[in-house]
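Let me begin by presenting the structure, written as structure tokens, before commenting on it.
The values are calculated or read from the model by the stated rules, or taken from the named source; none is laboratory data. Since we're looking at a predicted model, the values are computed, not measured. All Cβ positions, even for glycine, are placed from backbone atoms using ideal geometry, and neighbour counts span all protein chains on display. Side chains are part of the model used for accessible areas, which takes the heavy atoms of the whole protein and leaves out ligands, DNA and RNA. Shrake-Rupley method; radii C 1.70, N 1.55, O 1.52, S 1.80 Å.
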Amino acid sequence: MNVFQESCCSILGVLLVFLLQGSCSDPDAEVVHKAVGESLELIADYPKDGLEVQWTYNENVFAEFDKYIKPVGSQSFLKRLKMNEDNISVTVEDLKRQDSGSFSMVARAGAVQHKTKIIELHVHELIRDVQIEYNVSRLQSENICTFHLRCLASGDPNPSYSWSGHQIQTQGPHLNISLRPAENATLTCTANNTYSVNYTTETVVCREKLDYSSVLSGIVLHLNSLTIKKCYMQEIYSYTAVFTLAGQGESEAGITVYEEVNTDGPAKVSASICLLFKVHVILQKDF
């Protein structure tokens with residue numbers, strides 16, 4: 001029974017020490033949020049008579065005041081440290097994300113120890129390089145372009161997105177918009193978080209789809225009327241025979257009769273004319 005009582009006392013003692021240690025953290029520590037590139041000013045706001053101050057970063061002294069301010073230690077902030085003896089302050093300029101941490105000002109005047117001031121600094125990345133990516137699909141039956149847009153940006157914390165323009169006000173990184181031929185829309189994506197805002201703008205246009213098939217059909221019809229006999233392709237070792245309309249009639253089934261051009265026929269035709277024929281055939285299949 002005595003052993004059990006001693007064990008209970010030991011456990012309670014450990015828990016009491018743990019709780020007391022937890023309560024030792026300064027409840028008056030100030031939490032400060034800054035963006036990359038901003039500055040942190042640490043003012044020793046104490047009575048100046050006989051004042052001595054040390055500025056620390058993660059418990060390492062980097063500056064001190066005793067009649068005047070001087071940098072000390074390894075000087076992580078040496079090239080970014082600004083000292084002002086008028087208000088007894090040091091300023092860390094051009095903050096970086098890795099500067100996040102605990103800053104403190106330890107001060108005394110003679111035998112009097114002033115209350116230590118603690119600042120917990122959190123440095124956040126600004127929102128940069130906002131981009132809009134998109135692709136377009138065309139609904140042939142209704143002759144409509146549908147644009148699928150996505151907004152991208154980096155930042156800490158992660159940004160949220162909003163869209164505006166073309167009578168649109170909506171939230172989120174994705175946006176779908178439909179336009180008719182010759183219509184356009186100028187859209188703005190804004191990325192923001194607690195510490196910064198940035199935006200970019202993009203104009204999308206629904207373009208008329210040119211009927212290349214009908215254009216080439218007219219050209220091919222004209223070339224047929226010139227009774228082209230042969231098509232020579234320079235990049236291959238042989239030539240491709242071009243079929244030309246026989247023009248004498250039709251088969252019994254009503255199908256137009258074509259005949260293969262004699263390989264011993266007229267002179268070769270330029271590659272550009274041959275290319276027109278090939279494009280025409282492809283477009284006839286696709287349309």
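Residue check: residue 5 meets all listed conditions (1) farther than 23 Å from residue 82 by Cα; (2) at pLDDT 50 or above but one, namely (2). For first residues located in region 138-151 and open to solvent by 30 Å² or more (accessible area, probe 1.4 Å), partners that are of a type in the set (Val, Ile, Thr) and lie 6+ apart or on another chain with Cβ distances below 9 Å form the pairs 138/144; 138/146; 139/146; 146/136; 146/177; 148/136; 148/177; 150/132.
The single condition among (1) within 19 Å of the chain's Cα centre (by Cα); (2) at pLDDT below 95 that residue 142 does not satisfy is (1).
Considering region 28-49, the residues that are of a type in the set (Val, Ile, Thr) and not in a loop (DSSP other than H, G, I, E, B) include one that is most open to solvent (accessible area, probe 1.4 Å), namely 31.
One residue stands out in region 50-79 among those that are in contact with a helix residue (DSSP H, G or I) (Cβ under 9 Å, 6 or more places away or on another chain) and surrounded by fewer than 19 Cβ atoms within 10 Å (Cβ to Cβ): the one that is modelled with the highest pLDDT, namely 71.
Of (1) at pLDDT 95 or above; (2) closer than 30 Å to residue 194 by Cα, residue 28 satisfies all except one. Which? Every listed condition holds for residue 28 apart from (1).
For every residue, the table says whether it meets (1) farther than 14 Å from residue 133 by Cα; (2) modelled with pLDDT of 90 or more.
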{"site": "175", "(1), (2)": "no, yes"}
{"site": "180", "(1), (2)": "yes, yes"}
{"site": "184", "(1), (2)": "yes, yes"}
{"site": "187", "(1), (2)": "no, yes"}
{"site": "200", "(1), (2)": "no, yes"}
{"site": "213", "(1), (2)": "yes, no"}
{"site": "217", "(1), (2)": "yes, no"}
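In region 148-207, which residue that is among the hydrophobic types (A, V, I, L, M, F, W, C) and in a loop (DSSP other than H, G, I, E, B) is nearest to residue 137 (Cα to Cα)? The residue in question is 206. Considering each residue of region 152-184, count those that are on the phi > 0 side of the Ramachandran plot and either without any contact (Cβ under 8 Å) to a residue 24 or more places away in the chain or exposed (fewer than 15 other Cβ atoms within 10 Å of the Cβ) (or both), and give that number. Residues flagged as on the phi > 0 side of the Ramachandran plot and either without any contact (Cβ under 8 Å) to a residue 24 or more places away in the chain or exposed (fewer than 15 other Cβ atoms within 10 Å of the Cβ) (or both) within region 152-184 amount to 4. The set of residues in region 80-99 that are of a type in the set (S, T, N, Q) and surrounded by 15 or more Cβ atoms within 10 Å (Cβ to Cβ) comprises 89, 91.
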